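Peer 1: Before I ask anything, let me first share the structure, which is written out below as structure tokens.
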Amino acid sequence: MKRMNSGLSCDVVKPWQALFGKLPKRLQFWKSHSYEECSAMSVFQTTVLLVIVAVCWSALPSFFTCSTTATYDGYVHPDFQEVKDVFGGLVDYSHYVHGYWPEFRQTGKENVTLGMLLSHQAGLVSLDRQLSLLEYRDNWAEIEELMAKSKPAWPPGTRYSYHAYTYGMFADAVVRKVDTKHRNISQFFKEEIAEPFGIDFHVGLPPELHHRVARGRFTPIWELLAGAFLLKPYRWKWLPELLPGSTVHRSMNVFDIMNDMNVMNDPELQAIGMPSAVGFGTARSLAELYDYLANEGSIHGRQLLSKRQVAALSTPATENIPVIAVPDEPFAMGTAVGKSIQGRLIFGHRGYGGQNAFADPGNRLGVSYVTNFNSRYSDTDDPRVIDLLRVFYKCMHKYSLRNQKR
């Protein structure tokens with residue numbers, strides 16, 4: 001890996017270095033303006049590593065970043081940590097959740113399907129009380145009972161709103177029920193995806209890997225909400241959702257870490273496998289994951305997901321129902337579905353701090369950007385990400401033209 005005196009780590013993979021060489025300069029620009037510390041962007045195209053650029057105060061050739069996405073303080077959602085060909089064919093999105101988890105059938109949840117649960121339509125944005133991550137680790141039976149007794153905030157299937165923390169919690173519960181080994185998501189992801197496919201990503205970071213983590217810098221909750229709502233007039237209609245007791249407020253406060261996200265630099269908390277809050281990995285690992293999704297789940301004969309499963313991750317499930325507050329894009333089975341700078345279909349997940357990872361099936365790309373410098377930009381408008389993607393797609397256009405001439 002080439003290293004520059006400025007602190008920039010750059011490896012724009014040859015023979016395309018000249019084509020993608022502008023990307024390191026853009027990362028250095030944001031660092032020089034005190035808007036980056038440790039960050040990286042990576043792009044794969046059908047297992048070919050096109051780009052990996054990083055800027056970091058550290059000299060580590062490989063680093064993790066604690067990313068706190070909108071699913072908070074963990075990672076850019078892989079969006080299929082709860083599915084590998086729909087749990088290996090063990091479940092069906094159209095089936096009722098209580099068919100797999102009988103205790104779930106209460107308090108207005110009788111008609112909640114797995115598809116509703118995984119596309120943020122179930123209305124289960126909060127629980128009866130606030131939790132700690134240590135409770136999630138140590139008192140699973142009590143946590144599961146709280147989830148089973150939870151009451152939807154709206155009639156399931158009639159609206160959708162981002163289930164910031166509870167999404168991963170309910171997916172974790174379902175996995176434990178249907179998996180024949182009764183593994184939690186952390187173990188399921190490790191054994192079914194990370195290890196077999198060589199993905200350097202962890203739902204809950206093993207303590208022995210803590211030395212690889214870039215220390216997180218976190219945006220205060222008031223600044224995050226100001227960036228998401230107050231500075232965007234078209235969202236002012238949703239300002240009541242910021243008030244105590246509102247849907248968004250309750251969704252953001254399921255765990256007690258939101259008032260001081262810096263606690264997530266604690267190795268003990270980083271090791272807790274809470275799937276919508278605690279995940280660690282490199283930009284490269286996420287780009288590799290999404291590369292499979294961009295190629296219909298299979299590359300060179302190695303299948304991560306089936307075509308049917310990838311279709312479920314890329315087909316909107318919420319287009320015909322209203323959204324409460326944010327996000328502005330429709331959800332599929334866990335992923336947000338949108339358009340790239342080129343106007344093509346992409347699906348993946350953005351989040352708190354500017355994190356971004358997605359599949360671009362039109363170009364067969366897996367793209368990711370991670371940073372420890374978590375800004376107030378929580379969804380679509382982080383200037384660092386917009387800048388990097390704009391430059392990348394310009395470079396990608398030249399790269400595609402060059403290949404066509406061959």
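Peer 1: What whole-number value in Å² describes the accessible area per residue of the range 318-406 for a 1.4 Å probe? If you can, show how the numbers build up before the last one.
Peer 2: Numbers: 3380 Å² over 89 residues.
Dividing the accessible area of the range 318-406 by its residue count gives 38 Å².
Peer 1: According to a simple spin-label model (label point 7 Å from Cα along Cα-to-Cβ), what is the distance in nm between Gln342 and His210?
Peer 2: 4.3
Peer 1: Taking a probe of 1.4 Å, how large is the accessible area per residue of the range 103-218, in Å²?
Peer 2: Values: 4730 Å² over 116 residues.
Per residue, the range 103-218 has an accessible area of 41 Å².
Peer 1: OK, next. Under 20 Å Cα-Cα from Lys151, which aspartates and glutamates qualify once same-chain neighbours fewer than 8 residues away are excluded?
Peer 2: Leaving aside aspartates and glutamates fewer than 8 places away in the same chain, those within reach of Lys151 are Glu103, Glu110, Asp128, Glu142, Asp172, Glu241.
Peer 1: Using the structure shown, select from Lys22/Lys339; Lys190/Lys307; Lys232/Lys339; Lys31/Lys339; Lys307/Lys339 the pairs with a Cα to Cα distance greater than 25 angstrom.
Peer 2: Numbers: Lys22/Lys339 23 Å; Lys190/Lys307 22 Å; Lys232/Lys339 20 Å; Lys31/Lys339 27 Å; Lys307/Lys339 20 Å.
Among Lys22/Lys339; Lys190/Lys307; Lys232/Lys339; Lys31/Lys339; Lys307/Lys339, the Cα-Cα distance tops 25 Å for Lys31/Lys339.
Peer 1: Considering only C-alpha atoms, what is the centroid distance from the range 200-219 to the range 306-371, in Å?
Peer 2: Result: 25 Å between the Cα centres.
Peer 1: Which percent of the Cα-Cα distances in the range 225-271 go past 18 Å?
Peer 2: Values: 469 of 1081 pairs.
It works out to 43 percent of all Cα pairs.
Peer 1: If you don't mind, there's one more thing I want to ask. Classify the range 240-344 from the C-alpha gyration tensor, please: rounded if a/c falls under 1.5, else prolate or oblate depending on whether a/b exceeds b/c.
Peer 2: Working: a/c = 2.52, a/b = 1.29, b/c = 1.96.
Note, shape of the range 240-344 comes out oblate.
Peer 1: Given 10 °C and 1.306 mPa s, how large is the Stokes-Einstein diffusion coefficient of the range 176-306 in µm²/s, with Rh as the Kirkwood radius over Cα pairs?
Peer 2: Estimated via Stokes-Einstein, D reaches 91 µm²/s.
Peer 1: On to the next question. If you take the square roots of the eigenvalues of the alpha-carbon gyration tensor of the range 182-245 and sort them as a ≥ b ≥ c, do you get rounded (a/c under 1.5), prolate (a/b over b/c) or oblate? Numbers along the way, then the final one.
Peer 2: On the way: a/c = 3.22, a/b = 2.22, b/c = 1.45.
It is prolate, given that a/c is not under 1.5 and a/b is the larger ratio.
Peer 1: Mind ordering 133-143, 264-274, 242-252 by average Cβ neighbours within 10 Å, highest first?
Peer 2: Details: 133-143: 15.3, 264-274: 19.6, 242-252: 17.1.
Highest to lowest by the protection proxy: 264-274, 242-252, 133-143.
Peer 1: While we're on this one: Return the FRET efficiency for the residue pair Thr315, His95: r is the Cβ-Cβ distance, R0 is 30 Å, and the value is rounded to the nearest 0.05. Mind dumping the intermediate values first?
Peer 2: Working: r = 18 Å, r/R0 = 0.60.
Calculated transfer efficiency: 0.95.
Peer 1: Measuring from label point to label point, each 7 Å out along Cα→Cβ, what is the Leu231 to Thr47 span in nm?
Peer 2: 4.3
Peer 1: Something else about it: Apply 1/(1 + (r/R0)^6) to the Cβ-Cβ distance of Ser306 and Arg402, taking R0 = 35 Å, and write down the FRET efficiency to the nearest 0.05. Provide the component values of the computation, followed by the final result.
Peer 2: Numbers: r = 33 Å, r/R0 = 0.95.
Computed FRET efficiency for Ser306 and Arg402: 0.55.
Peer 1: Taking K and R as +1 and D and E as -1, what net charge do the other residues with C-beta under 13 Å from the C-beta of Gly99 add up to? Mind dumping the intermediate values first?
Peer 2: Details: positive: Arg105, Lys109, Lys177; negative: Asp92, Glu103, Glu110.
Result for the neighbourhood of Gly99: 0.
Peer 1: Does a label point 7 Å from the Cα of Glu268, set along Cα-to-beta-carbon, have any residues of the range 111-139 with amide nitrogen under 20 Å, and which are they?
Peer 2: 130-139
The values are calculated or read from the model by the stated rules, or taken from the named source; none is laboratory data. Here the structure is a predicted model, which is why all the values come from computation and not from measurement. Glycine gets a Cβ as well: all are built from the backbone with ideal geometry, and neighbour counts include every protein chain shown. Heavy atoms of the whole protein, side chains included, go into the accessibility calculation; ligands, DNA and RNA do not. Shrake-Rupley method; radii C 1.70, N 1.55, O 1.52, S 1.80 Å.
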